[in-house]
Every structure is written in C-alpha cells, then in structure tokens.
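Notes for the one structure printed next.
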Amino acid sequence: MLAVVSAVLFRMALGGLIPLPDASLDLVVGLLQASVLINVLLAAFNLLPIPPLDGSWILSALLPGVAARAYRSLQPYGFIILVALIWTGVLSTLLRPVMSFANLLMLG
C-alpha cells in the first residue's frame with residue numbers, strides 16, 4: 001500500500017497537482033520514487049519462498065501434506081540459504097525483474 005500511495009503522490013507531484021516550490025520538487029520526487037522502489041523491493045523479498053520469509057508459509061500452505069512437511073524441514077537452514085543467495089548474487093538476479101517492472105508500472 002505504501003508503494004501505491006507513494007506512486008500516486010509521485011505522479012501528482014510530477015503533474016503539478018501538488019503545489020511545491022521548484023527548489024523542493026526534485027527532493028520530494030526523489031523521496032517518493034525511493035519510497036516506491038524500497039517498498040516494492042521489501043514486499044517482493046518477503047514473498048520469496050525461503051523459510052524465514054512469509055512466502056515460505058504461503059508455499060507450505062499450497063503444497064500437499066507430505067511435500068509441505070518436507071519443505072518445512074528446510075526451516076532451520078533458511079537463514080543460511082538466504083545468506084548464500086545474497087552472497088552469490090542470485091537474490092539480486094531474482095529481484096531485478098520485479099524492480100524493473102515496478103519502476104515501469106508505477107513510475108512510468
């Protein structure tokens with residue numbers, strides 16, 4: 001929701017619908033753009049199906065019983081998996097398309 005509100009305010013500021021002095025317009029637009037991208041990044045990251053994140057609970061609920069139990073057995077290793085994905089750059093590769101899409105869709 002924060003990303004959507006920030007995107008709407010971003011568009012309004014660029015369109016001149018929010019009366020701002022020229023000196024602060026660039027600052028406000030930059031802050032709103034950062035707000036959109038950070039909130040989309042946090043939402044996408046949290047939805048990854050890696051055990052300490054919320055996405056793992058969603059995937060676990062969708063899997064049949066035996067598969068869900070096997071998947072939940074990865075939970076003690078979730079933090080290690082997350083660190084490995086960050087360290088190898090796989091995580092940024094996974095999140096880059098989401099960020100590009102959010103930038104295109106919300107910020108134009």
I need the full set of residues from the stretch 86-108 which are open to solvent by less than 40 Å² (accessible area, probe 1.4 Å) and either farther than 25 Å from N39 by Cβ or free of Cβ contacts under 8 Å to residues at least 60 places away in the same chain (or both), in order please. G89, L91, L95
For the stretch 39-53 the number of residues that are surrounded by 14 or more Cβ atoms within 10 Å (Cβ to Cβ) and assigned to a helix (DSSP H, G or I) is 6
Name the residues in the stretch 1-17 that are surrounded by 13 or more Cβ atoms within 10 Å (Cβ to Cβ) and either touching a Leu at 6+ places or on another chain (Cβ under 7 Å) or in contact (Cβ under 8 Å) with a residue 40 or more places away in the chain (or both), would you? A3, S6, A7, L9, F10, R11, A13
Do the conditions hold for V36, that is, is it surrounded by 15 or more Cβ atoms within 10 Å (Cβ to Cβ), under 23 Å from the mean Cα position of the chain (by Cα) and touching a residue at least 40 places away in the same chain (Cβ under 8 Å)? yes
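The values are calculated or read from the model by the stated rules, or taken from the named source; none is laboratory data. In this text, all values refer to a predicted model and were calculated from it rather than measured experimentally. When we count neighbours, we look across all protein chains shown, and the Cβ atoms used for this are built from the backbone with ideal geometry, even at glycine. The area values use the complete protein model at the heavy-atom level, side chains included, leaving out ligands, DNA and RNA. Shrake-Rupley method; radii C 1.70, N 1.55, O 1.52, S 1.80 Å.
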